[in-house]
1. Could you state the orientation-averaged shadow area of the convex hull built on the Cα atoms of the range A:697-806, in nm² to one decimal?
2. Just subtract the alpha-carbon distance of A:Arg18 and A:Val812 from 0.36 nm times their residue separation and send over the number in nm, one decimal.
3. Taking the mean number of other Cβ atoms within 10 Å as a proxy for protection, how do you rank A:535-547, A:387-399 from highest to lowest?
4. Among the listed pairs A:Lys218/A:Lys385; A:Lys187/A:Lys628; A:Lys753/A:Lys797; A:Lys95/A:Lys620, give every one whose C-alpha distance is greater than 29 Å.
5. Between A:Glu852 and A:Asn566, what FRET efficiency comes out of the Förster formula 1/(1 + (r/R0)^6) with R0 = 60 Å and r the beta carbon distance, rounded to 0.05?
6. Under 5 Å between amide hydrogens, which residues at least 5 positions from A:Gly316 or on another chain qualify, with H placed 1.01 Å from N in the peptide plane?
7. If I take every Cα pair under 8 Å that is 6 or more residues apart in the range A:337-466, average their sequence separation and divide by the length, what percent do I get for the relative contact order?
8. Taking Cα atoms, how many degrees apart are the long axis of helix A:282-297 and the longest axis of chain A, rounded to 10 and kept between 0 and 90?
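The values are calculated or read from the model by the stated rules, or taken from the named source; none is laboratory data. These figures come from a predicted structure and were not determined experimentally. Using ideal geometry, Cβ is built from the backbone for each residue, glycine included, and neighbour counts are taken over all protein chains shown. To get the accessible areas, we keep the full protein, side chains included, count just its heavy atoms, and leave off ligands, DNA and RNA. Shrake-Rupley method; radii C 1.70, N 1.55, O 1.52, S 1.80 Å.
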Amino acid sequence: MAQDRYNPEQFESKWQTRWHDQNLFATREDESRKKFYTLDFFPYPSGTGLSVGHCRNYIPTDVLSRMKYMQGYNVLHPMGFDAFGLPAENEAIAKKTHPAIMIKKYAENYKRQLNLVGISFDWSRCFSSCDPSYYKWTQWIFKILYSKGLAYRKMSYVNWDPVEQTVLANEEVIGGRGWRSGALVEKKLIPQWYFKITAYGERLTNDLDKLNWPEGIKQMQKNWIGRREGVEFQLRLTMDTDPQLYLKVFTTRIDTMYGMTFCVLAPENPLVDDLIRLSEEDSFAEEMQKYRDQAAELSHQERLSDAREKTGVFTGFYVVHPITATKIPVWIADYVLADYGTGGVMCVPAHDIRDYEFATKFNIPIMQVIEDANGEQSELPFTSKEGVMVNSGPMNGLSVTEAAQKLEEWVIKREIGQKSVQYKFRDWLISRQRYWGCPIPMMYDEDGKEHPVPDEMLPVELPHVESYQPSGDGSSPLSRLDDFVNIEIDGKKYTRETDTMGGFACSSWYFLRFADPHNYKEAWDKDIINKWLPVDTYVGGAEHAVMHLLYARFWTKVLYDEGLVNFDEPFQTLHNQGMVLAKTPYREAKEGEKLDIGEDGIQLTFEEAAKLDKDDVFFKWEKMSKSKGNVVTPDEAVEKYGADALRVFELFVAPFEQNLQWSEEGIQGSVRFLNRIFKFISEFRHLHIINWRSLIDTVPPHSKSRKFRRFTHQTIQKVTDDINRFAFNTYISTLMVYLNNLQDGVKEVDLTKDDKAVQLALSEAMETLILLLSPAAPHSADELWESIGNTGFTYQKDWPTIIDKFLTNDAVTIAIQVNGKLRGTASVPNDISKENLLQVAKENEKVIPHIEGKEIIKEVVVPGKLVNLVVK
RNA sequence: GCCCAGGUGGUGGAAUGGUAGACACUGCGGACUUAAAAUCCGUUGGCCGCAAGGCCGUGCGAGUUCGACUCUCGCCCUGGGCACCA
């Protein structure tokens, strides 16, 4: 039955069933076509299911995928699940179930919800990171990294999350707290596996420039990687020893060398051992030892705390200033980090904030070596590089840049140092002391020597056990399973590595597997993967700027170097979607009531808010979340408004990158828009000429029919451009304008007359409207398509093509300005000459009063746009 | 402190150096209706004016330009990220 309004309950599930029965979204692999790979970030399927907030990225990528398919591309638009990891394990423990069982159920629910919204995923390519057929290859890649020396095990102090009872990578520690648990991280000394991501620092920084990513994300990665160019040089200790001892420092401000008045070693610097041993006075040795022990006690958070006053001890030793030969005292202080640079620094209190604080506190001399270039009084510490050298011997009077260059050359010539590049980021710690992760494919022989598990024994399967709670002592739950731990190969006994890999390992290559997901012989077929990758458009939240996105780039580069893929960046274009915010009720705090940190009111449930007086309740826009109780699920939204209305609303109401405010009124607007389309098509479908394409050029056009065709082709152009630019909000508004124009257009023609030219143009318009609507509202589009007598799915129809001659109008409205101020407009033929246009402008009755009796000193003519007359 | 992103009507936003406020939401007025919903029509940046029309207006202040929401410089505010990395 043909609809005359948007009745989603009558056709949306019908079309979904037909699409899936026909396997409509199976990936097309037609050799003659170009490819397009659209991907959403690998989601963790949470137990609460999707909210309309999550749909914020799935709907737009679906629109893009659908349009690209209609444009003739082979589109890869897959979905899978990031199933391993702590959230799943924690939830399973809380619910007293097994994560494998739980995750499977949750993934099914995600799939159901995504289908409910009509997302065009090729589900035949779906997998979870916890499938052995997938993680076999995660382990295989681990072994590649190991064979290249890019995976190694070492004993060191690590970030221990006491709530999650596992270690965390540096990227997972935010402001000294675990990124998920929010717990203050502690220090723990245990042997751990690392990936040597720092070996790729240079390329990970430089190659950002060739990516079409949001500038902010690129900048965040650059800052995180923290590439710094500087000079590393050695300072001789005044004490004669055999061998002679040197203190190595790294600096990015070699220009300030003359201003060095002390040096500081990190407490963990191995040179401190020598100093303690060689100390001639026991009191210095004792102080050093005591300070070092104290530093080891401090938590990561305490040590890095900004507010903390500087602490440190004098070692009793001195180094020689390489130029001035003055004695420079050596201190130990924990504001210097052992694992950055050389673990020791030259200190220039006059030009470094931290050194200044330290020198002030311990009464160390401060010597200014740079002055403000403008001769203004420069307050210390003076950290600007815009300055002139003073107190620097032959450097005096030079600029900072010149001095830096000269001193760098001097250091290199004297062979006491060289140029050096340092990175702020550290190697990626991958071990986790938890059960629910990909087992690390390593084992140890009876001498404790490490060996990779042989390929033919992969995957190292995660044993299915009932009890997998973390032990909390730094050992993995797997270490309790003797059957798992102890193995024998060719009569030799081995024990397995029992830590698992952090979840980010699993998500560092999933985008590769989608190209060839059912390959049981290898991780992927090279030809297939090189055909589909890199991902053309990748969409997800900005919170992964320095985690997933950095790790995935690193793995891709390693695989590229190994010749396993022929691209060295996985994601060409990246977009970050905004969040969906929902109104959350609050009330003012009463006297004596305590507020949570960062809150300016007491949060209410909607029930509580309904009971209070209206004036006592205020609303804030907050991210949809379970804890805020403001979640709207797609199930509810689809039930109440329909899938297409939900889709159109989310596309229309805010630009893709910006936050979206969820509102009932707003989504009603989308329902209204869809209703108007149904009504329009229903009213004029009796005029639809099925074979309009073959007839439209055989009937002589006239001005009215041409007008329809201009609307149509201008709309095709704008819509196509908008979707490509991720401007989905204007895509929808362009369709609204198109519909408004068509509705006005039909009022201007007499449709009772048998006017073929108009009927053909209207047929074209109706079909175009439906096809352009199809990516946004595919259910409605298919329903409408059928209602005008066509067959098949709009997804399989060609995207409308633009006919250039209809892009320009016969007449254009020209703005006429006098001195840049709009004074009038005029409608003129499109091809009017500049001279005639000027003539029209000067004769415009609204313009005349503004130019009369004045001298025109300049005439600016922009064809098709405006005329600007500059008068005096 | 450093690095990003942003600031436009009552609201969401549009406008990639060329008619600021498209398209919507809300409000107001009207039609239809016994009534309501739905729908349709009109109106909706501010000020002056009966009107024609005029003036002001894109966070603030300068600048470039015939012309600036858009570019440049300096501030202010909001949001996000990093933060003792020498």
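1. Average projection, Cα convex hull of the range A:697-806: 7.2 nm².
2. 281.2 nm
3. Highest-to-lowest ranking by the protection proxy: A:535-547, A:387-399.
4. Working: A:Lys218/A:Lys385 25 Å; A:Lys187/A:Lys628 33 Å; A:Lys753/A:Lys797 31 Å; A:Lys95/A:Lys620 32 Å.
Pairs exceeding 29 Å: A:Lys187/A:Lys628; A:Lys753/A:Lys797; A:Lys95/A:Lys620.
5. Values: r = 71 Å, r/R0 = 1.18.
Efficiency at R0 = 60 Å is approximately 0.25.
6. The answer is A:Val330.
7. It rounds to 13 percent for the range A:337-466.
8. 30
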